[in-house]
Amino acid sequence: MATPDTSPEVIPQAEDGSGTPGAPVGAGTAAVADAVVAGAAPNERRRRRGKFALLAALGLALSIFVLIGGLYVTTRKPITDLPFPGISNEKLPQYVFSIYGVSRPIGVAVSPSGDRIYVTESDGDRSVKVFDAKGNPVATLKPPKDKSDHQPVYLALEPQSGDVYVSDRPSGAIFIYTRDGKFARVFKPQPPIKGWQPLGLAFGPKGDLWVVDLSPPLHRIEVYGLDGTLKKTLGKPDQFNFPNMVAFDARDNVYVTDSNNGRVVVLDQSGKQLATINRGVSDGDLGLPRGVAIDDAGRLYVVDATDHSVQVYLVGTDPNARPRYVGAIGEEGLQEGEFEYPNGVAVDTRARIYVTDRENNRVQVWSY
């Protein structure tokens, strides 16, 4: 007689691993349930603790993100103030109005307050037209009656008296007028210079008259006392090629539009070359620079005749560094705010810029 097998049956582990191995069949339902609960409880607690820790970490990260985002929103600069490579944030002047009644204007000078605007004509009666701040004509400065062929080119205002100095290249002279247009006298260099060809004029920081001279043997810049005495000459052989105008920054450095070399040359008072803005096709490069001016805020304006625009730069603290390019105003065209071969530029103390728009027969006024 066979002896019955009384060993407990073992529950096989399920294929998904969820079975509870080692629980005897004969132990009963309660025993099996107790075994399941006893094995599952620690795992569940671990899963809950892991889930809570994950949620806490996510909450902390979200709080940090919200805090940083809030600080950025409240302290960031507007998008228009953010710098981008090759693009400046500096403001540019806007077109205001135009002054008509001039024939192919070249040079322009303006009183500090802007109440007198002087413009040379290269066509018509070839005189200097004078306007008030609103562009109304108030006077005409005519050259002396003689046998010379007259052509007024550039102008400069003597700071103390307000006298108007006008270069007349064909006659080799500089004519001086009172503020209101009365002819005063002829400026004569001492000693006399044979074949003198004065072009650009400017009064320097010490009150001396700076004259661009195109007479042979080399193009140069001469500095005179008001009595005509030559004090010094700047320019080396082959340094300049038809320079046009000069301007001065707050450190008394000299900015020369070296026109046919397509650049602006920065010199110190002794004539040492410090920096240049050169010819090229990139932003801030030049083509045919003519007029130049610097305002009280240290903004440098260069008229580029062939680009039909005025290039704007900021003069920095390093005299050996090229002025920082800000942007350009104007473009080629016939409409208001557009240029057709501009030439001269002047500034007043009211942040206004005056540009001779030669082929459009007008002077454009821009302002900040």
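The values are calculated or read from the model by the stated rules, or taken from the named source; none is laboratory data. Since we're looking at a predicted model, the values are computed, not measured. With ideal geometry, Cβ positions are generated from the backbone for all residues, glycine too; neighbour counts draw on all protein chains shown. When the accessible area is computed, the model is the full protein with side chains, heavy atoms only, and any ligands, DNA or RNA have been set aside. Shrake-Rupley method; radii C 1.70, N 1.55, O 1.52, S 1.80 Å.
Key figures
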{"read-out": "Segments 238-246, 337-345 sorted - mean Cβ within 10 Å per residue, highest first", "value": "337-345, 238-246"}
{"read-out": "Segment 145-223: radius of gyration over Cα atoms, expressed as a fraction of 2.2 N^0.38 Å", "value": "1.06"}
{"read-out": "Per residue, in Å², the accessible surface of segment 257-368 once ligands and nucleic acids are set aside, probe 1.4 Å", "value": "38 Å²"}
